[in-house]
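Report on one structure; see the data block that follows.
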Amino acid sequence: MQTIQEAARSVPVMAETGVLVVGSGPGGLAAALACARQGADTMLMERYGCFGGNITQAGVESIAWYRHPQTIEAGGIGMEFEQRAIEMDAAVPEIQSTSHALHTESFKYVADRLVIESDVRALLHCYFVEPIMNGARIAGIITESKSGRQAILARRVIDATGDADIAARAGAPCSQTPLSDRLGVTVTFACSGVDKKRFMEYVKAHPGSYKQWADETTGKEDNMFSPYIAEPFQKAQAAGAIPADVEIAGTWSSISDEGEATYLNVVYMPGYDCTDVWDLTRGEMDGRQQAMWAIGALNKYLPGFEKARLRSFGASLGTRESRKIIGRGSLSGHQTRSRARFKDAIGIFPEFLDAYGIVILPTTGRYFQVPYGIMLPQKVDNLLVVGRAVAGDRESHAATRQMMCCAVTGQGAGVAAAVSLQEGVTPAEVDIKKLQIAIKKQGVRID
Ligand SMILES: Cc1cc2nc3c(=O)[nH]c(=O)nc-3n(C[C@H](O)[C@H](O)[C@H](O)COP(=O)(O)OP(=O)(O)OC[C@H]3O[C@@H](n4cnc5c(N)ncnc54)[C@H](O)[C@@H]3O)c2cc1C
């Protein structure tokens, strides 16, 4: 590849902070709130104009669609997201579980309130570009924004970009599932003009189930209701309206009384690398095309959707899987399925896996502990990584990518960053017992 030499230049320092969290999805938002509540000077930086990550950008509203009466949760900030959304009229009962689906537009405002109330310093429309390194220690980042190229100095950095952007550029070892096995990307969309009554009557007569789309379950999931639709798209394909090599099928979620289907997750496209700007471009455009084919099929073949129209696309392509760090600790799929216990646990997550054709629902009280070591990158100090980029094997990603689990790792890392500052040690040197006491005090279940 042809290269050019960038000129060296002085960069103004726009801010100094104790802890800088970059990225504001369920992982980063939880990290910033937890850290500030633990008493640290905390800044939360986000490249787009709102906090929330996949919730507000891709419109993913089903934050806990796995929850059943027996499910045991960590509590903490993930549950607070849902509870606060309910209180602010920004959530409705979710269709297949005992949880609530978020109103993803309103969640932008919910997140604003949480950030303001916790005294987190907010910075939107600002892009991470490069880490500032002092040997093996990260000391801040270089940013780009409408204000130009600027630096933020920070004593601890939390990488919540979802793609381990900071860890990778700082030289921490990372991995990516081969593209052929990686989870697909999605352009989500919403429709208006749905005849809710007619659609719900159809669903009652033709209920979907998990066995229609899962290759592997424990058996107990098979006949449970799933808001899954495939038939209209198959019919459209048979009629030649959708190309033969395109597979459209997936789930619907909330349908408002005004006839809005607010989150249609039926476009699923494998083979896109979300750390490659050309693939991101292709993903957005291919996804919008597929969404339009999907709406055509819904109009023609799904009762209640005859007059449905596109209301909105997700504001950004939805990524399920990209770069992950190779951590100082690790987590395997086997451990998520076998109630694993860890000395350095910072929270728990129910036995819930959803990815790679596996669907295991926590209809029992089983759960595994989430280890601290999966958030500690190798070779770089003063950096923590949260959310879907934490360490673990391919199958463990089916659990750690879940938004509630991202909030568990986020909250654990946020508290750890604050404690490490207060104790004057690096995050890797934090006294685990002290950390666990602090996390429990924030209302998180650890054991
Ligand atoms: C279509 C789809 C459906 C899904 N369905 C569900 C579901 O039903 N339930 C569930 O629990 N999970 C679901 N997931 C998975 C879940 O949404 C993600 O795994 C989760 O949001 C990851 O959280 P995160 O905080 O790690 O990252 P993200 O939510 O991706 O947030 C990362 C944030 O970092 C910001 N950022 C990235 N790079 C930079 C940079 N260089 N500078 C500044 N900011 C940056 C981004 O703008 C973003 O706000 C779904 C995912 C998709 C795509």
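Laboratory data are not the source of any read-out in this text; all were calculated from the coordinates shown. These figures come from a predicted structure and were not determined experimentally. Reconstructed Cβ throughout: ideal geometry from the backbone, glycine too, with neighbour counts over all protein chains shown.
Computed from point charges on the beta carbon alone (+1 for Lys and Arg, -1 for Asp and Glu), the dipole magnitude for segment 315-405 about its Cα centre is near 100 Debye. Comparing GLY392, THR218, GLN442 along the charge dipole axis of the chain, the residue lying farthest to the positive side is GLN442, per the Cβ-charge model. Net charge dipole, segment 184-313: roughly 620 debye, given to the nearest 20, about the Cα centre with Cβ charges of +1 for Lys and Arg and -1 for Asp and Glu. Taking the C-alpha atoms only, the angle from helix 26-37 to the longest principal axis of the chain is near 40 degrees. Taking Rh as the Kirkwood radius computed over C-alpha pairs, what is the Stokes-Einstein D of the chain at 37 °C in a medium of viscosity 0.692 mPa s, expressed in µm² per second? So the translational diffusion coefficient is about 148 µm²/s. Estimated from helices alone, the mean residue ellipticity of the chain at 222 nm is -9000 deg cm²/dmol (sum of -39500 (n - 2.57) over DSSP H runs with n ≥ 4, per residue). Between segment 374-389 and segment 262-319, how far is it from one alpha carbon centroid to the other, in angstrom? Segment 374-389 and segment 262-319 have Cα centres separated by 32 Å. Dividing the Cα radius of gyration of segment 1-87 by 2.2 N^0.38 Å, with N the residue count, gives 1.51. In this simple spin-label model, placing a label point 7 Å from the Cα along the Cα-to-Cβ direction at both VAL13 and LEU124 gives a separation of 2.8 nm.
So for the chain: antiparallel DSSP bridges make up what percent, rounded to the nearest 5?
70 percent
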